[in-house]
Amino acid sequence: MSKILIKNAKVVNEGRINEYDVYIENGVFVEINESISVKNAEIQVIDAEGKYLLPGMIDDQVHFREPGLTHKADIESESRAAIAGGITSFIEMPNTVPQATTIELLEDKFEIASKSSYANYSFMFGGTNDNLEEILKVDPKKVAALKLFLGSSTGNMLVDDPDVLKKIFSSTPLLIAVHCEDEATIRENLAAHVEKYGDDIPVHLHPIIRSEEACYLSSSKAIALAKETGARLHVFHLSTAKELALFDAKTPLKEKKITAEVCVHHLWFNSDDYDTKGTHIKWNPAVKTEKDRKGLLKGLLDNKIDVIATDHAPHTLKEKDNVYTKAPSGGPLVQHALTALLEFYHKGELSLEKIVEKACHNPAILFEVEKRGYIKEGYYADAVLVDLNAPWRVSKDNLLYKCGWSPFEDTTFTSRITHTFVNGELVYHNFKILNKAKQGKRLTFNR
């Protein structure tokens, strides 16, 4: 295994920035100190003068489309894009083909990742209206969480039986992660718009169809059920400012029973962007108003929102470039999530410490990930070196997504990821995936 000494790095960790040398050996951070001297010729020395060393991001919500949908993406292609984007660990969703709704099918995905993933990995188990017995077999020490779709999305895994939901919430020790949109509200809104426009509904009406009320109604019900049953609930991809009133800002994260996440696209885009981006920014839940975008950013700063993720969900351009009712929701994000977040730093809206807290530390706390998410002695050496002043432009030529497009195309980012380390190996350097790159390991959990 590699021996690496990173010299003169500005280390961003646990709310502080300090200049340190960082020594990595046997896949872990061995020493972090103001000055480390070595004379061993086997040790690779990286001078990080002027650069910032961050823990690798832990993305708690991705769709890598394998098995069954590999014309869009697969674990190998998207994990390559992830490490190029500073994401060193991911948790993938169950709505593949077949859906990961049995232990056997879930383990099939772990087997695929063990041979192909460039980043560390775990998978969520999928809940349905009729697999409670299988849910109860899941070992919380081996699986990240249980995913429930309370609004339909890609894969049609809607759980809409209230009795089933109550049984699941009452009986599983797993963290329950939920997609919250009220199905009846959406169907009513969609029917009214189809009657008026047919299939070619103007895409700027997407946040009217998948409305603020649809989100708030579903989130409210899920939170009420969690409070009633004592379940551990994590609400994915908040998209409205209104929903923030449902969450607690005062309780420390380790003590929270109900938590929330925001995704990069809901922080970056607003409803005005449909005019230029069209279906390329069609997500579920929908990108909503500028007021919502600003509210979500404030919720992040106020600690009502605990985690930043991507909801990376690629589709082909042929699929996306369709009329509204036929264009699927979702888009690729892992390669550009961190550089996009760093733009908020440059605008003075998010500190580096806050980005690291929400994208690295907090996912590790929330999912009880073992020895990751921090730059600490004894922890797995997952880290990212960033040059905050090295502008580059996103183009089709530098995309690593299998789908071959990005909603950030033609965007110039101010910051560049120069190095990514996974389990102590340098796997990415200045736009190049290195030969040793396939270093991903199965995430383990302190439960």
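The values are calculated or read from the model by the stated rules, or taken from the named source; none is laboratory data. All values derive from a computational prediction rather than experimental measurement. Using ideal geometry, Cβ is built from the backbone for each residue, glycine included, and neighbour counts are taken over all protein chains shown. All accessible areas refer to the heavy atoms of the entire protein, side chains included, with ligands and DNA or RNA removed. Shrake-Rupley method; radii C 1.70, N 1.55, O 1.52, S 1.80 Å.
Residues considered: Glu111, Glu78, Glu92. Of these, the only one that is open to solvent by 10 Å² or more (accessible area, probe 1.4 Å) and among the charged types (D, E, K, R) is Glu111. Restricting attention to the range 368-394, the residues that are open to solvent by 10 Å² or more (accessible area, probe 1.4 Å) and within 29 Å of Tyr274 (Cβ to Cβ) add up to 3.
Here is the figure for the range 246-273: residues that are open to solvent by 40 Å² or more (accessible area, probe 1.4 Å) and either in a strand (DSSP E or B) or touching a residue at least 60 places away in the same chain (Cβ under 8 Å) (or both) total 2.
Checking the structure you have, find out if any residue of the range 276-293 is among the charged types (D, E, K, R) and over 26 Å from Lys354 (Cα atoms). Checking the range 276-293: at least one residue is among the charged types (D, E, K, R) and over 26 Å from Lys354 (Cα atoms). One residue alone among Ala113, Ala192, Ala145 is of a type in the set (Gly, Ala, Ser) and out of contact with any Ser or Thr (no Cβ under 9 Å at 6 or more places or on another chain), and that residue is Ala192.
Pairing each residue of the range 1-13 that is free of Cβ contacts under 8 Å to residues at least 60 places away in the same chain and crowded, with 18+ Cβ neighbours inside 10 Å with any residue that is part of a loop (DSSP other than H, G, I, E, B) and among the β-branched types (Val, Ile, Thr), provided the two are 6+ apart or on different chains, yields C-beta distances under 7 Å for Leu5/Ile36; Leu5/Val38; Leu5/Ile43. Checked against (1) buried (at least 22 other Cβ atoms within 10 Å of the Cβ); (2) under 14 Å from the mean Cα position of the chain (by Cα), Ile355 meets all criteria but (1).
In the range 151-164, the residues that are open to solvent by 20 Å² or more (accessible area, probe 1.4 Å) reach residues that are modelled with pLDDT of 85 or more and part of a helix (DSSP H, G or I) with C-beta atoms within less than 7 angstrom, at least six apart or across chains, in these pairs: Ser152/Glu183; Leu158/Glu183; Asp160/Glu183; Val164/Leu132. A Cβ distance below 9 Å, combined with a sequence gap of six or more or placement on separate chains, defines the contacts here; from the range 307-326, residues that are without any contact (Cβ under 8 Å) to a residue 24 or more places away in the chain reach no residue that is surrounded by fewer than 16 Cβ atoms within 10 Å (Cβ to Cβ). Within the range 50-66, the set of residues being under 19 Å from the mean Cα position of the chain (by Cα) and either over 20 Å from Lys318 (Cα atoms) or surrounded by fewer than 19 Cβ atoms within 10 Å (Cβ to Cβ) (or both) comprises Leu54, Pro55, Gly56, Met57, Ile58, Asp59, Asp60, Gln61, Val62. Looking at Glu183, Glu188, Glu213, Glu195, just one residue is open to solvent by 40 Å² or more (accessible area, probe 1.4 Å) and under 25 Å from the mean Cα position of the chain (by Cα), and that residue is Glu213. Considering only the range 279-289, I want to know if a residue exists there that is crowded, with 20+ Cβ neighbours inside 10 Å, among the charged types (D, E, K, R) and assigned to a helix (DSSP H, G or I). No, the range 279-289 contains no residue that is crowded, with 20+ Cβ neighbours inside 10 Å, among the charged types (D, E, K, R) and assigned to a helix (DSSP H, G or I). Taking into account only those residues within the range 219-245 that are open to solvent by 10 Å² or more (accessible area, probe 1.4 Å) and of a type in the set (S, T, N, Q), which is nearest to the chain's Cα centre (by Cα)? Once the filter is applied, the top-ranked residue is Ser220. When the range 153-190 is filtered for residues that are at pLDDT below 90 and within 21 Å of Phe123 (Cβ to Cβ), the ones remaining, listed by number, are Ser153, Thr154, Gly155, Asn156, Met157, Leu158, Val159. For the range 303-347, the tally of residues that are more than 19 Å from Thr279 (Cα to Cα), among the aromatic types (Phe, Trp, Tyr) and open to solvent by 10 Å² or more (accessible area, probe 1.4 Å) stands at 1.
Do any helices (runs of 4 or more DSSP H) entirely within the range 335-447 hold 1 or more residues that are polar (S, T, N, Q) and in contact (Cβ under 8 Å) with a residue 60 or more places away in the chain, and if so, which? Correct list: 337-346, 362-366. For Asp397, the conditions (1) over 29 Å from His71 (Cα atoms); (2) surrounded by fewer than 13 Cβ atoms within 10 Å (Cβ to Cβ); (3) of a type in the set (Asp, Glu) all hold with the exception of (1).
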